[in-house]
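J.: Structure below; questions to follow.
The values are calculated or read from the model by the stated rules, or taken from the named source; none is laboratory data. Note that the structure is predicted; figures quoted are calculated from it, not measured. For neighbour counting, all protein chains shown are included, and Cβ atoms are generated from backbone atoms with ideal geometry for every residue, glycine included. Calculation scope for accessible area: heavy atoms of the full protein, side chains included, ligands and nucleic acids excluded. Shrake-Rupley method; radii C 1.70, N 1.55, O 1.52, S 1.80 Å.
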Amino acid sequence: MSAPARKLERGRVGEAVRRADGIPKTTGEFAYASDLQAAGMLWGHTVRSPHAHARVGEIDISEAVTMPGVHAVLTHADVPGTKLYGLEYADQPVLAFDRVRYYGEPVALVAAEHPEQARRAAEKVRVEYEPLEPVVDMERALEQDELHPDRPTHEPDHYRDDPRANVVRSILIRHGDPDTEGDVVVTGEYELGIQDQAFLGPESGLAVPDGDGGVDIYVATQWLHVDRAQVAPCLDLPPEQVRIHLAGVGGAFGGREDLSMQIHGALLALHTNRPVKIVYTREESFVGHVHRHPARIRMEHRANRDGKLVCVHARVLLDGGAYASSSTAVVTNASSFACGPYAVANALVDATVVYTNNPPCGAMRGFGAVQVCFAHEAQMDKLAAALELDPVELRLRNALAPGDVMPNGQKVTGSLPVADVIRRCAELTVPEPEPLPRDSLRLPGGSGNVTRGEGVKRGVGFALGFKNLCYSHGFDDYCAARVRLFAGADGALAAEVHCAAAEVGQGVVGVITQVARTELELDDVTLAPGTTSTVDSAGSASASRMTWMVSGAVAEACRAARGELGARGGTLAPGEEIDVEKVYRHPQTWPLDPETGQVTGERAHVAFICSAMRAVVEVDTDLGLTRAVWIGTAQDVGRAVNPQAVLGQIEGGTAQGLGLALMEEIQTRDGLITNASFTDYLIPTTLDMPPVDAVLVEEPEPDAPYGAKGVGEPPTVVATAAVAAALRDATGRDLTRVPVRPDDLIGL
Amino acid sequence: MDVLTPRTLDEALRLRAETADAWPIQGGTDVMVELNFDRARPRVVLNLNEVAELRGFARENGTLRLGAGLTYTECRRELGETLPALAEAARTVGSPQIQNRGTIGGNLGTASPAGDALPPLLVEEAEVELAGPAGRRTLPLEEFLVGPKQNALAEDELIVAVHVRPSGARQTFMKVGPRNAMVIAVASLALAVDRERGEIRAAYGSAGPVPRLVRAPLDEADGFPDRVAEAASPIDDVRGTAAYRRHALRVLTARALERCAA
Ligand SMILES: Cc1cc2nc3c(=O)[nH]c(=O)nc-3n(C[C@H](O)[C@H](O)[C@H](O)COP(=O)(O)OP(=O)(O)OC[C@H]3O[C@@H](n4cnc5c(N)ncnc54)[C@H](O)[C@@H]3O)c2cc1C
């Protein structure tokens, strides 16, 4: 295998390759999960709680079952297996019993011939509710009645034992001497609202009974095998009898890590012995998945006159909502990154996530790092002002680097070019202000035509962010890939790759085929559909881990197949095949000591990624409206497997971070969501999103296959902070809460 | 659900009178949202898209007759000279797709406090032509709008057209929303400085139960921003606060006056 690399038509690792799903998605031909069909299919519908907190009494289905077209109405009594499930801690009822803890919680299920019949019957399910006072304030939750009989903190083997009420998990990190004083001290309190993933494809899937008691579930999800691990026990089936297949995913961003319709669809399908499809409406989608944790953060930064940070205190409070979801991991991340990508010898980090009756929160792009980045970057700007130092210079003086020890005790190893991304971003040329007059579309307020330049001030902000790659804290994470190498009818070699990695729009399908083509030196590579039935787990399309993990697994499987091919003389006869499956594991991580918050082994996190961003905005300072003018960014990518896809991730991720800065917020009143639609949950349009100048900083990660790092999250982590900084520069206001409202920008 | 598709206005009116619970549909950009959100399940839908009399606009000795089926795209492209504020408002509506489908008649039918076509038409003192079994009647837009999402249309009537005598006054439309496109107005304002009649007319949207007209003599321009802000009766809701809405109206009025003064 030492011959010079053959030229491949379809692109190998490092080349810009067009997405296979790009044109079908643009033209509307791509089949999403909501397009699934099966002969004899019924439609499922979920009866949901109208209360944020209530005791559940009698559930009367007698009228509903007699409604036209109805085949089944199910409640918690019909769940044959375990009644609770959860990603990391099983506390969420498949269907509510005793209590409902959030607005929109599933209480019963209906299957009918037509979706309309299912909805009408759902209205006839009579549930006796006794409303209870909802716990809606994350601070007060610590003293109110417990919402759950058991909680993760009651498992002191894994989690710090925290006696306060409603604590899902708390982390206390003591690093160096937290009493260390500095010449200059800045403090601040920050708040973030609830952001939604706002994927365009609502939750949907199709469950098909196999006639032998098992079920096939076709669903838009992020991790097929972990779905199966949660679904099977609730159905009281062995895992082999539950096969999960990936259906077209219309965006995920963390919001499809938790289950939505999987168990429900399967229950209805097994009960009726008919295929059952469930598609959430938009309103249901907003209550049907977890959101980004809202946060209240208090920070104190102490530094010396020379601009060196000497001590940071951070208190982070996250509202996890009604169920644990991945809160236990989000809060750990928030604690890990609370001090930012800065070297600081002393720190005290106190991070807590609580249960409330607010919408459940869990995974979303950035995963705990977004919230703290907004706070630590505001602090760094405050510190720069107090020290009369250039904000970029201050960041350079404190930039974290390999060899430094993080507050959780982990020594940074591998690649982390923080200073480099700062410099490369700072070097980008900021565009000159555009002359007036201009089309209103190029002014704050856009198509609203509110200004011709009156009240408009320009602001420039700079921010730096970082987070981890892959799963952390001792999680035994792995990815499997299987390669079939065979000879076609003409004797030419071809390969089929099996990998259960979820294509959620990030482009992992392209990565898998690029890696396989590179390793096999073969153009003719096809990727089989993602499923639990032909290959082991690929792990989650989360934590910016998929590129790293599939690259490792696919490369290993390909190399094994090539080794075998060599042993067989380099050719295969028609009909002959080589079939190998390999499992790849990233370097091991260790949990934190529950008491000290210090890592108990070499690393808590596998590796890190960082990104710097400069944002230019114009603010109409009379009306509080904004136009984002330009974004420049330098991102640490290790090595770009597909530079075009990387740029796509940077632009999309930036838009999501900008959305949180300017407009994206799930609003609630007493735990009830008041804007569950795209009419009132606003996400950026093309007029809100500026052009992005992106520099890819390529410093290969020694532990990663091809040196490639994941790239999906850093732009989201840093963009909120960068845009907020620019808004502060334009208005001279503190702006301690995102999304920043027009009222905040004008000081109303 | 039955869909009735008349070819002429007469036929449409007959069907409307015969089928009391039929829902007229033109562009469908409001009706389809109601259906999609499961807020309504009309038994019958009266599809007006094939009725030629409702389409387009015509000049009739000094007045303009805007068909109920006139789209925002048509307003934007063809009425920029004669009804500039309406054309500007049309440009702020939704997205190009919505502008292609959405109509003036539909905006009147919905009668939302946030309807973007309404303030510019109020400022131009538009009249609404309705037709029913008893014949045609015309009433000022101000009287047509009776409450939030309520209008003076009778169960058996259709909106046929809007009549405007273009004032020729300098005028503009502005809309405030926290996003730069595709946003429901948090507050909006149309304003005309009518030198011929010596008055300023402004109409606000999203700042009270109905869009409302406020007038003042030309020489009271200075106090006009406050006057508009005080005339409004905004509320706090998920889209914005009452205080912000009032503030925004003040700013918009001052800016609009300046724009229309030159
Ligand atoms: C994505 C999106 C964005 C939008 N953005 C905006 C915006 O920015 N500004 C804004 O003002 N609106 C907006 N709308 C709302 C809508 O587009 C407008 O109200 C539009 O004017 C409705 O016109 P239509 O022809 O589509 O009405 P339809 O939906 O067909 O009808 C609306 C109502 O009017 C009645 N009706 C229609 N024609 C007649 C008639 N001839 N006689 C009697 N009754 C009739 C219908 O029965 C119905 O009650 C938006 C809608 C969507 C979906």
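J.: Determine whether residue B:92 is within 12 Å of the ligand (Cβ to nearest atom), at pLDDT 95 or above, within 14 Å of another protein chain (Cβ to nearest Cβ) and surrounded by 24 or more Cβ atoms within 10 Å (Cβ to Cβ). Working first, answer last.
T.: Numbers: within 12 Å of the ligand (Cβ to nearest atom): yes; at pLDDT 95 or above: yes; within 14 Å of another protein chain (Cβ to nearest Cβ): yes; surrounded by 24 or more Cβ atoms within 10 Å (Cβ to Cβ): yes.
When the stated conditions are applied, residue B:92 passes them.
J.: Could you grab the pairs with beta carbons closer than 9 Å, sequence gap of 6+ or different chains, first residue in the range A:197-213 and among the aromatic types (Phe, Trp, Tyr), second one modelled with pLDDT of 95 or more and not in a loop (DSSP other than H, G, I, E, B)?
T.: Filtered contacts from the range A:197-213: A:199/A:285.
J.: Against the definition (more than 8 Å from chain A (Cβ to nearest Cβ), within 11 Å of the ligand (Cβ to nearest atom) and open to solvent by less than 30 Å² (accessible area, probe 1.4 Å)), how does residue B:162 come out, yes or no? Can you show your working first?
T.: On the way: more than 8 Å from chain A (Cβ to nearest Cβ): yes; within 11 Å of the ligand (Cβ to nearest atom): yes; open to solvent by less than 30 Å² (accessible area, probe 1.4 Å): yes.
So residue B:162 passes the test.
J.: So, in the range A:425-441, exactly how many residues are in contact (Cβ under 8 Å) with a residue 40 or more places away in the chain and facing chain B (nearest Cβ under 10 Å)?
T.: Total meeting the criteria: 1.
J.: Restrict the check to the range A:692-710 and report whether at least one residue is among the aliphatic types (A, V, I, L, M) and within 14 Å of chain B (Cβ to nearest Cβ).
T.: First, pick out the residues of the range A:692-710 that are among the aliphatic types (A, V, I, L, M): A:692, A:694-697, A:704, A:708.
If we keep only those that are within 14 Å of chain B (Cβ to nearest Cβ) as well, we get none.
No, the range A:692-710 contains no residue that is among the aliphatic types (A, V, I, L, M) and within 14 Å of chain B (Cβ to nearest Cβ).
J.: Residue A:680 - would you say it is within 23 Å of the chain's Cα centre (by Cα) and within 14 Å of chain B (Cβ to nearest Cβ)? Outline the logic, then answer.
T.: Numbers: within 23 Å of the chain's Cα centre (by Cα): yes; within 14 Å of chain B (Cβ to nearest Cβ): yes.
Yes: the conditions hold for residue A:680.
J.: Need pairs with beta-carbon distance below 9 Å; first residue in contact (Cβ under 8 Å) with a residue 40 or more places away in the chain and more than 13 Å from residue B:105 (Cβ to Cβ) and within the range B:28-50, second acidic (Asp, Glu) and more than 10 Å from the ligand (Cβ to nearest atom); sequence gap 6+ or separate chains.
T.: B:41/A:116; B:42/B:21; B:43/B:2; B:43/B:21; B:44/B:2; B:44/B:21; B:45/B:2
J.: For the range A:306-321, name all the residues that are under 19 Å from residue A:189 (Cα atoms) and open to solvent by 20 Å² or more (accessible area, probe 1.4 Å).
T.: Correct list: A:313, A:315.
J.: Can you find a residue in the range A:433-443 that is open to solvent by less than 10 Å² (accessible area, probe 1.4 Å), assigned to a loop (DSSP other than H, G, I, E, B) and touching a strand residue (DSSP E or B) at 6+ places or on another chain (Cβ under 9 Å)?
T.: Yes.
J.: Would you confirm whether any residue within the range A:152-165 is open to solvent by less than 40 Å² (accessible area, probe 1.4 Å), part of a loop (DSSP other than H, G, I, E, B) and touching an Asp or Glu at 6+ places or on another chain (Cβ under 6 Å)?
T.: Filtering the range A:152-165 for residues open to solvent by less than 40 Å² (accessible area, probe 1.4 Å) gives A:152-153, A:159, A:162, A:165.
When the remaining residues are screened for being part of a loop (DSSP other than H, G, I, E, B), the result is A:159, A:162, A:165.
Now restrict to residues that are touching an Asp or Glu at 6+ places or on another chain (Cβ under 6 Å): A:165.
Yes, the conditions are met somewhere in the range A:152-165.
J.: Here is a further query. Name the single residue that is most open to solvent (accessible area, probe 1.4 Å) among those in the range B:136-154 being touching a helix residue (DSSP H, G or I) at 6+ places or on another chain (Cβ under 9 Å) and hydrophobic (A, V, I, L, M, F, W, C).
T.: Per the stated criteria, the residue is B:153.
J.: Mind checking which pairs have a first residue in the range B:77-94 that is on the phi > 0 side of the Ramachandran plot and a second that is open to solvent by 40 Å² or more (accessible area, probe 1.4 Å), Cβ under 6 Å, 6 or more apart or different chains?
T.: B:94/B:182
J.: Name, by its number, the condition in (1) within 26 Å of the chain's Cα centre (by Cα); (2) part of a loop (DSSP other than H, G, I, E, B) that does not hold for residue A:570.
T.: So the condition that residue A:570 fails would be (1).
J.: Something else: When only residues in the range A:209-234 that are aliphatic (A, V, I, L, M) and either modelled with pLDDT under 95 or assigned to a helix (DSSP H, G or I) (or both) count, which is nearest to residue A:247 (Cα to Cα)?
T.: Quick first cut of the range A:209-234, residues aliphatic (A, V, I, L, M) only: A:215, A:217, A:219-220, A:224, A:226, A:229, A:231-232.
The next check asks that each one be either modelled with pLDDT under 95 or assigned to a helix (DSSP H, G or I) (or both); those that pass are A:224, A:226, A:229, A:231-232.
Details: A:224: 10, A:226: 16, A:229: 18, A:231: 17, A:232: 19 Å.
Filtering the range A:209-234 for residues that are aliphatic (A, V, I, L, M) and either modelled with pLDDT under 95 or assigned to a helix (DSSP H, G or I) (or both), the one nearest to residue A:247 (Cα to Cα) comes out as A:224.
J.: Condition check: modelled with pLDDT under 95 and either open to solvent by 50 Å² or more (accessible area, probe 1.4 Å) or among the charged types (D, E, K, R) (or both). Does residue B:133 satisfy that? Give the derivation first.
T.: Working: modelled with pLDDT under 95: yes; either open to solvent by 50 Å² or more (accessible area, probe 1.4 Å) or among the charged types (D, E, K, R) (or both): yes.
Yes; evaluated as a whole, the condition is true for this residue.
J.: State which residue is nearest to the other protein chains (Cβ to nearest Cβ) when the search covers only the range B:228-244 and only residues that are touching a residue at least 24 places away in the same chain (Cβ under 8 Å) and assigned to a helix (DSSP H, G or I).
T.: In the first step, residues of the range B:228-244 are kept if they are touching a residue at least 24 places away in the same chain (Cβ under 8 Å); the result is B:228-229, B:231-234, B:239-240, B:244.
Those still in the list that are assigned to a helix (DSSP H, G or I) too: B:228-229, B:231, B:244.
On the way: B:228: 15, B:229: 13, B:231: 19, B:244: 5 Å.
By that ranking, first place goes to B:244.
J.: I'm trying to understand the selection: among the residues of the range B:109-119, which are farther than 15 Å from residue A:447 by Cβ and either more than 7 Å from the ligand (Cβ to nearest atom) or open to solvent by 10 Å² or more (accessible area, probe 1.4 Å) (or both)?
T.: Selection gives B:109, B:110, B:111, B:112, B:113, B:118, B:119.
J.: Residues in the range B:18-52 that are more than 10 Å from the ligand (Cβ to nearest atom), open to solvent by 50 Å² or more (accessible area, probe 1.4 Å) and more than 14 Å from chain A (Cβ to nearest Cβ): how many?
T.: So the answer is 5.
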